[in-house]
Amino acid sequence: MFGSFKKVCAVLLTAAAGCLVMSVNAAAASIEDADISIKYKSYTYTGKNIRPDSRNGIDDVTVKLDGDTLKKGSDYFITCFNSRNVGVAKLMVIGSGKTVSGYTTKEFIIKPEKNEITSITADRKSGGRFSITWNKGTIGTVGYQVLYSMNEKALKSASNAVDSDDPSKRVYSWIQKDVEDTSENFSKVPVKGQTWFVKIRSFYTLDGKVTSTKYGNYSDIKSVHIPANSTEDSLLLYCPYITQYKTEKNAEGKYPYNSEGFDAPKGCGPTSLAMILQGEKGRTDLTKTQLVTDMYTHGWFYNGWVNAPVSMVKEDGCEIDDLLRLAAYYGYGANIDYFVSTGVKNGVTTVPDIDKCLSNGHLVLVGQAGSSDGTEGSQHFMVIYGRYYDWKKNENVYLIANPAHIDHDTGEIQTNLAWGAKLLVNNMGYAYKYSVRGILWLD
């Protein structure tokens, strides 16, 4: 493409269908002698063509000739080539023909977008291994770098490996150059009883040399604990905790189950979906209040004594199918499994349907109608974000973000709700006769 611009000493772009007319002054200075600078050597992939001269309305390109700064539009024009995908892009500066003639080019790099860890698991069976999976890099990505450490603070500030005489402060680095391989097991360093923190980034390199490598931003840090006594994998996904309560104190100085307004008390469904959308999809703009408001607006949140389905037993709230509709309203496909049962793997009680979702990096919205003592209770939605093995009970235990779990005296949100597989399925069983039955997860 650049071969057609051999000598631009006299150029005429004739107006046709609104095209720009540009004529060349034979005495015009040559822009080939200009100093072209771009503010940044690399720009992050966005999925769209990137123009440094109009990025977010800001011009990052400066053109100087004989010490004078030229003006875009009157002295020169800019176009870009190969500026969408990760890799080398070219910026072409073309003289207007009035005061400046000719053309010149300058390269810049489009680096990969921020990557994310989709799942992280620990397994004592293989001597203290933990495993991670992550998103495949965007087109042009050539590899991935994983940093991991037992020190979260050290890892947060590290951009590469950090050596230390104190093993607990070291930051380890691992490189994967097979862009199609998006998982790895780490077994050389981790041992039982440790907690590890992990982050990952994608990278592009021009010629295979470290000096020419451009990295995308690191993912959010995720942690994994390797049980001291375990025969099964553990899983932990990121889930921001949101309460369905309004947390104003009453006259007694307590934080009651406030029933005024949209936020409480019957907002467990949209509150749970808000946790999933924010934690799994990064949609921090979709707040609990926004979800509840949208549900009311579309008729998906019911007044128990007016329009609730028979299966809701005259309670305020929503059905699990309504949460699927709400997810679709925000552009996300969702799945529902109405009947979930336990299984046995290596003699250990499991919940295969939920395990599969967690292993694939999906938070799980679960409907249940039971309490922590195994007796039948009210209909309720919660989010399952992790699982570990209880070797004493020989049972998997599921970590639950319960939007109704709050300390009424302090207002402190409680996140340590954990149910064994048998209790979880038992309480889900109570919900089979109600509209909250089953589990829901996003595509």
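The values are calculated or read from the model by the stated rules, or taken from the named source; none is laboratory data. Being a predicted model, the structure only gives us computed values, none of them experimental. Neighbour counts are summed over all protein chains in view; Cβ atoms, including those assigned to glycine, are modelled from backbone coordinates with ideal geometry.
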Requested in this report: Looking at (1) at pLDDT below 90; (2) assigned by TED's automatic domain parsing to the domain that holds Val86; (3) not charged (D, E, K, R), find the lone condition where Gly102 falls short.
Outcome: (1)
Query raised in the report: Which of the residues spanning segment 336-373 are in contact (Cβ under 8 Å) with a residue 24 or more places away in the chain and loosely packed, with under 14 Cβ neighbours inside 10 Å?
Result: Tyr338, Phe339, Ser341, Lys345, Asn346, Gly347, Asn360, Ser372
Query - Inter-residue pairs, beta-carbon under 7 Å, first in a loop (DSSP other than H, G, I, E, B) and in segment 143-161, second among the hydrophobic types (A, V, I, L, M, F, W, C), 6+ apart - result: Met150/Trp196; Ala158/Leu147; Ala158/Val171; Ala161/Val171
Requested in this report: Looking only at segment 231-249, decide whether some residue is within 30 Å of Met295 (Cβ to Cβ) and at pLDDT 90 or above.
Outcome: no
Report task. Show the residue pairs that are 6+ apart or on different chains and have beta-carbon atoms under 9 Å apart, the first residue being within segment 31-47 and closer than 19 Å to Ile58 by Cα and not assigned by TED's automatic domain parsing to the domain that holds Thr205, the second being hydrophobic (A, V, I, L, M, F, W, C) and assigned to a loop (DSSP other than H, G, I, E, B). Result -> Tyr43/Ile50; Thr44/Ile50; Tyr45/Val86; Tyr45/Ile139
Query raised in the report: Pick from segment 122-173 the residues that are of a type in the set (Phe, Trp, Tyr) and at pLDDT 90 or above: which of them is farthest from Asn360 (Cα to Cα)?
Result: Tyr172
Report summary line: Subset of segment 61-83, residues in a loop (DSSP other than H, G, I, E, B) and buried (at least 18 other Cβ atoms within 10 Å of the Cβ), comes to Leu70, Asp75, Ser83
Query raised in the report: Taking into account only those residues within segment 397-433 that are modelled with pLDDT under 85 and part of a strand (DSSP E or B), which is surrounded by the fewest Cβ atoms within 10 Å (Cβ to Cβ)?
Result: Leu417
Query raised in the report: If you go through segment 49-60, how many residues are surrounded by 12 or more Cβ atoms within 10 Å (Cβ to Cβ) and in a strand (DSSP E or B)?
Result: 1
Query raised in the report: Of the residues that sit in segment 376-395 and are under 20 Å from Leu235 (Cβ atoms) and modelled with pLDDT under 85, which one is surrounded by the fewest Cβ atoms within 10 Å (Cβ to Cβ)?
Result: Lys392
Requested in this report: Examine segment 195-205 for a residue that is assigned to a loop (DSSP other than H, G, I, E, B) and either surrounded by fewer than 20 Cβ atoms within 10 Å (Cβ to Cβ) or under 20 Å from the mean Cα position of the chain (by Cα) (or both), and state whether such a residue exists.
Outcome: no
Query raised in the report: Of the numbered conditions (1) of a type outside the set (Lys, Arg); (2) in a loop (DSSP other than H, G, I, E, B); (3) at pLDDT 85 or above, Val436 satisfies every one except a single condition; which is it?
Result: (3)
